[in-house]
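J.: I'd like to ask you about the structure that follows.
Bear in mind these aren't lab numbers, they're just calculated from the coordinates by the rules spelled out. Note that the structure is a prediction, hence the values are computed from the model and not measured. Here the Cβ positions follow ideal geometry from the backbone for every residue, glycine too, while neighbour counts run over all protein chains shown.
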Amino acid sequence: MEGQSAGETLVNLEAMVSIQDELVHHRLALEWGQILLDRLVQSWMRLEIHEGIAYEDKVKSQLSLLDEATASLSHLHKTLGRFSQQLKDHQRQLS
């Protein structure tokens, strides 16, 4: 930040704080993704061992689980992709 005016330095520091605040939210999004996948695996395992369910119902339940997980993970992927680009841009600014 050498060679910058006090105003430019303040603006840059504010941007850095903002980006780091967003990082916390994205870490929470990653944790949510982990919880989602853990629940998916648990539900899938329960379906595998459940003997009282008809095969067609099992397949329908598995498909429903995958559809829900795909939709949720797709949203997470897009969000993290956008933030990754923002963080890369920020890294270039720091260089």
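J.: Multiplying the sequence separation of VAL59 and ASP38 by 0.36 nm and subtracting their Cα-Cα distance, what value in nm do you get?
T.: 5.6 nm
J.: Now a separate question. Calculate how steeply helix 6-49 sits against the longest principal axis of the alpha-carbon atoms of the chain, using the helix alpha-carbon long axis, and give the answer as 0 to 90 degrees to the nearest 10.
T.: With both axes taken from Cα atoms, the answer is about 10 degrees.
J.: Only sites in a loop by DSSP and with at most 12 other Cβ atoms within 10 Å count here; which GluC sites (Glu not before Pro) in region 31-95 make the cut?
T.: Those satisfying the criteria are GLU51.
J.: Still on this structure: Given labels modelled 7 Å from the Cα in the Cβ direction, how far is it in nm from LEU87 to SER74?
T.: 2.4 nm
J.: Let me check I've understood the local charge: for ILE35, count other residues with C-beta under 14 angstrom from its C-beta, Lys and Arg +1, Asp and Glu -1. What total comes out?
T.: -1
J.: Calculated from the structure, Cα Rg over 2.2 N^0.38 Å equals which of [x] 1.12; [y] 1.73; [z] 0.94?
T.: Looking at Cα Rg over 2.2 N^0.38 Å for this model, the match is [y].
J.: With everything on Cα atoms, drop me the angle between helix 55-94 and the longest principal axis of the chain, reported from 0 to 90° to the nearest 10.
T.: 10 degrees
J.: Same structure again: Let me spell out the model: positive unit charges on the Cβ of Lys and Arg, negative unit charges on the Cβ of Asp and Glu, origin at the Cα centre of the chain. What dipole size does that give, in debye rounded to 20?
T.: Dipole size: approximately 160 debye.
J.: What's the extension gain from ASP67 to SER18 if we count 0.36 nm per residue and subtract their Cα-Cα distance?
T.: That pair, ASP67 and SER18, stretches by 14.2 nm at full extension.
J.: Charges on Cβ only, +1 for Lys and Arg, -1 for Asp and Glu, centred on the Cα centroid of region 26-94; of MET45, LEU94, LEU76, which one is farthest towards the dipole's positive end?
T.: Value: LEU94.
J.: Counting helices only, and only those DSSP H runs with n ≥ 4, report the 222 nm mean residue ellipticity of the chain as the sum of -39,500 (n - 2.57) divided by its residues, in deg cm²/dmol to the nearest 500.
T.: Calculated mean residue ellipticity at 222 nm is -33000 deg cm²/dmol.
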